[in-house]
Amino acid sequence: MTFAAGAALTADSDIRWGDGLIEDEGWAALPSDQPGRWSYRNASGSCTAAFRGGVLGDAGGMDDREATDALIEHQSGGDFLGQDWLTDGEFLRYGGEGSGVEHRQFSYTFNEVGYFMAARAFVEADYSVWVTVTCEGEPVSPVVQEVLSKNFIAVDE
């Protein structure tokens, strides 16, 4: 699902994460008391993957791509390094027959601490999804590849 295709969604569209780590022996669930948020720690204990799915809120006339960039800037807070660091990526799409769900992402490593965030806003459906992966003392890129390969987004239009 491209950013442009998101404009065809409606408020009744159903969007949700498919949790691919829930039964993965290489990941352990962490407690969460916030609805729509869940996290896992990898077996080595050096990386965490945190997920969120929920209401987007007022997007102020933005399209999906613009709202996604604003979402990343807001959610990453002090970890956000600026628009120049954002790149395009893709979540796996459940039932998408090889197609994905476009997202925006950024990543950096500083002093052996890696940070990655990917997000997608669906303005017409008033919904958003994002994932952050952080690693300390372990390269973040291979862990991100694993996390993204095991989790998908379901979009029922």
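The values are calculated or read from the model by the stated rules, or taken from the named source; none is laboratory data. None of these values were measured; they are calculated from a predicted model. As a convention, Cβ positions derive from the backbone with ideal geometry for all residues, glycine included, and neighbour counts pool all protein chains shown. Accessible surface areas use protein heavy atoms only, side chains included; no ligands, DNA or RNA. Shrake-Rupley method; radii C 1.70, N 1.55, O 1.52, S 1.80 Å.
State yes or no: is Ile15 surrounded by 15 or more Cβ atoms within 10 Å (Cβ to Cβ) and either of a type in the set (A, V, I, L, M, F, W, C) or modelled with pLDDT under 90 (or both)? Please lay out each step first, then the result.
Details: surrounded by 15 or more Cβ atoms within 10 Å (Cβ to Cβ): yes; either of a type in the set (A, V, I, L, M, F, W, C) or modelled with pLDDT under 90 (or both): yes.
Taking the combined requirement at face value, the residue satisfies it.
There is at least one residue in the range 74-97 that is of a type in the set (Lys, Arg), open to solvent by less than 70 Å² (accessible area, probe 1.4 Å), closer than 17 Å to Tyr127 by Cα and in contact with a strand residue (DSSP E or B) (Cβ under 8 Å, 6 or more places away or on another chain).
Specify the residue that is surrounded by the fewest Cβ atoms within 10 Å (Cβ to Cβ); the eligible residues are those in the range 43-67 that are assigned to a loop (DSSP other than H, G, I, E, B) and within 17 Å of the chain's Cα centre (by Cα). Write out each step before concluding.
First, the residues of the range 43-67 that are assigned to a loop (DSSP other than H, G, I, E, B): 43-46, 56-63.
Checking which are within 17 Å of the chain's Cα centre (by Cα) leaves us with 56-57.
Working: Leu56: 21, Gly57: 13.
By that ranking, first place goes to Gly57.
Taking Trp27 as the residue in question, decide whether it is open to solvent by less than 60 Å² (accessible area, probe 1.4 Å), free of Cβ contacts under 8 Å to residues at least 40 places away in the same chain and in contact with a strand residue (DSSP E or B) (Cβ under 6 Å, 6 or more places away or on another chain). So that I can check it myself, show each step before the final result.
Details: open to solvent by less than 60 Å² (accessible area, probe 1.4 Å): yes; free of Cβ contacts under 8 Å to residues at least 40 places away in the same chain: yes; in contact with a strand residue (DSSP E or B) (Cβ under 6 Å, 6 or more places away or on another chain): yes.
Against the criterion (open to solvent by less than 60 Å² (accessible area, probe 1.4 Å), free of Cβ contacts under 8 Å to residues at least 40 places away in the same chain and in contact with a strand residue (DSSP E or B) (Cβ under 6 Å, 6 or more places away or on another chain)), Trp27 qualifies.
Just to verify a result, which residue in the range 95-128, among those that are in a strand (DSSP E or B) and of a type in the set (Val, Ile, Thr), is nearest to Ala11 (Cα to Cα)?
If we take residues in the range 95-128 being in a strand (DSSP E or B) and of a type in the set (Val, Ile, Thr), then Val101 is nearest to Ala11 (Cα to Cα).
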